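**Q** Structure incoming, see below.
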Amino acid sequence: MAILFLVRHGKNGMVGKKLAGRLPGVHLNHEGQAQARRLAAEFSTLPIKAVYASPLERAQETAEPIARVHGLPVETLPGLLEIDFGDWQGKRLKRLKNDRLWKAVQGRPAEFRFPNGESFLEAQRRIAAALSALGEKFGETEMIVCVGHSDMIRLAVAHFLGLPLDHFQRLRIETASVTALNLHNGKVSFGPINLTFNFPKGLY
């Protein structure tokens with residue numbers, strides 16, 4: 001199984017304010033573009049074999065500088081796509097927190113489906129299947145970058161660590177953070193990578 005670097009996209013104007021979901025036209029802001037350039041500079045020292053990204057613009061724009069320094073294309077992988085938030089997509093987080101369903105999102109995500117959207121369980125199965133397929137496609141020492149979204153990365157890590165789905169939100173994934181996932185012989189190694197760039201510390 002390959003070594004997978006799970007990268008959350010850089011900052012955009014909706015982070016922390018609205019649930020961007022799968023809305024088109026959500027691009028990196030200036031800070032996010034700077035984050036993407038720093039990621040590319042640090043990944044330039046590693047023998048990256050391939051770069052994959054969610055179809056959404058903010059993920060593609062984060063992946064492009066990383067791919068460019070290695071002379072690689074950005075390969076779009078639908079399995080990395082953000083959760084389908086259904087009717088909640090594009091709404092302000094402050095408003096959603098007052099919704100009667102918010103407690104279920106926080107307390108019982110394993111049982112929750114977004115109105116007219118996807119369930120957390122469906123999203124987790126999707127991301128786990130996509131990453132497992134990539135791991136099988138490449139050799140165990142080959143390094144692959146996968147640029148996606150916070151909840152999807154948290155769901156993936158929870159799956160491979162065997163963390164109950166109801167607890168996946170205990171994990172924290174910052175913008176432009178990197179989580180290294182190494183699946184080998186049925187075991188998982190998980191944690192921050194040894195780069196000089198100041199990624200958030202600890203396990204995400």
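Read the figures in this text as sums done on the coordinates, not as results from a lab. If you're wondering where the values come from, they're calculated on a predicted model, not measured in any experiment. Counting neighbours? That spans all protein chains shown, and the Cβs are built from the backbone with ideal geometry, glycine included.
**Q** Among GLU82, GLU122, GLU61, what is the fewest-to-most ranking by other Cβ atoms within 10 Å? Could the numbers behind the result be given before it?
**A** Details: GLU82 25, GLU122 13, GLU61 21.
The order, fewest Cβ neighbours first, is GLU122, GLU61, GLU82.
**Q** For the chain, build the convex hull from the C-alpha positions and give me its volume per residue in Å³. Don't jump to the answer; show the numbers that get you there.
**A** Details: hull volume 22.3 nm³, N = 204.
Cα convex hull per residue, to the nearest whole number: 109 Å³.
**Q** Still on this model: Could you tally up the Lys pairs in the chain with alpha carbons closer than 17 Å? Skip any pair fewer than 8 positions apart unless they're on separate chains.
**A** Counting lysine pairs in the chain gives 9.
**Q** Still on this structure: Once both axes come from the Cα atoms, what is the angle between helix 30-43 and the longest principal axis of the chain, in degrees from 0 to 90, rounded to 10?
**A** Taking Cα atoms only, the helix is inclined about 40 degrees.
**Q** Using only Cα atoms, tell me the angle between helix 57-69 and the longest principal axis of the chain; keep it within 0 to 90° and round to the nearest 10.
**A** Here the helix axis deviates by roughly 10 degrees.
**Q** Pairwise over distinct Cα atoms, reciprocal of the mean inverse distance: report the Kirkwood radius of the stretch 41-98 in Å, one decimal place. Present the calculation step by step, with values, prior to reporting the outcome.
**A** Values: mean 1/r = 0.0751 Å⁻¹.
Every distinct Cα pair counted, the radius reaches 13.3 Å.
**Q** Sort 14-22, 152-160, 123-131 for me by packing, meaning the mean count of neighbouring Cβ atoms within 10 Å per residue, highest on top. Mind dumping the intermediate values first?
**A** Working: 14-22: 17.2, 152-160: 23.4, 123-131: 20.3.
Top of the packing list down: 152-160, 123-131, 14-22.
**Q** Could you work out how far the C-alpha centroid of the stretch 80-98 sits from that of the stretch 121-154, in angstrom?
**A** 23
**Q** For the stretch 61-139, what does the equivalent ellipsoid look like in terms of its semi-axes, each the square root of 5 times an eigenvalue of the Cα gyration tensor, given largest first in whole Å?
**A** Values: eigenvalues 198, 58, 17 Å².
Computed over the stretch 61-139, the values are 32, 17, 9 Å.
**Q** Can you compute 3J(HN,Hα) from phi for each residue in the stretch 91-97, using the Karplus curve 6.51 cos²θ - 1.76 cosθ + 1.60 with θ = phi - 60°, rounded to whole Hz and x for Gly and Pro?
**A** 3J(HN,Hα) across the stretch 91-97, in whole Hz: 7, 5, 4, 4, 6, 5, 5.
**Q** Gain in length, LYS103 to HIS27, computed as 0.36 nm per residue apart minus the alpha-carbon separation, to one decimal in nm?
**A** On the way: separation 76, 0.36 × 76 = 27.36 nm, distance 2.99 nm.
Separation in residues times 0.36 nm, less the Cα-Cα distance, equals 24.4 nm.
**Q** Could you put ASP87, ASP151, ASP166 in order, starting from the residue whose Cβ has the fewest other Cβ atoms within 10 Å? List each step's numbers first, then the result.
**A** On the way: ASP87 10, ASP151 21, ASP166 16.
With the sparsest Cβ surroundings first, the list reads ASP87, ASP166, ASP151.
**Q** If amide H atoms are built 1.01 Å from N in the plane of the peptide, which residues on other chains or at least 5 residues away come under 5 Å of the amide H of LEU77?
**A** ALA53, SER54
**Q** Of the DSSP beta bridges with both residues in the stretch 3-191, give the percent that are antiparallel, rounding to the nearest 5.
**A** Values: 13 of 27 bridges.
So the antiparallel bridges in the stretch 3-191 amount to around 50 percent.
**Q** Kindly provide the helix-only [θ] at 222 nm of the chain, computed as the sum of -39,500 (n - 2.57) over DSSP H runs of four or more divided by all residues, to the nearest 500 deg cm²/dmol? Spell out each step's value before the answer.
**A** Numbers: 6 runs with 67 residues, N = 204.
Calculated from helices alone, the mean residue ellipticity at 222 nm is -10000 deg cm²/dmol.
**Q** If you don't mind, there's one more thing I want to ask. Just rank THR45, THR62, THR179, THR76, fewest to most, by other beta-carbon atoms within 10 angstrom. Please list the in-between numbers first.
**A** Numbers: THR45 10, THR62 31, THR179 24, THR76 15.
With the fewest neighbours first, THR45, THR62, THR179, THR76 line up as THR45, THR76, THR179, THR62.
**Q** Please list the non-local residues whose amide H lies under 5 Å from the amide H of LYS18, H modeled 1.01 Å from N, same-chain partners needing a gap of 5 or more.
**A** LEU93
**Q** Here is a further query. Given 10 °C and 1.306 mPa s, compute D for the stretch 84-188 with the Stokes-Einstein relation, Rh being the Kirkwood radius over Cα pairs; round to the nearest whole µm²/s.
**A** Working: Rh = 15.1 Å.
Stokes-Einstein gives a translational diffusion coefficient of 105 µm²/s.
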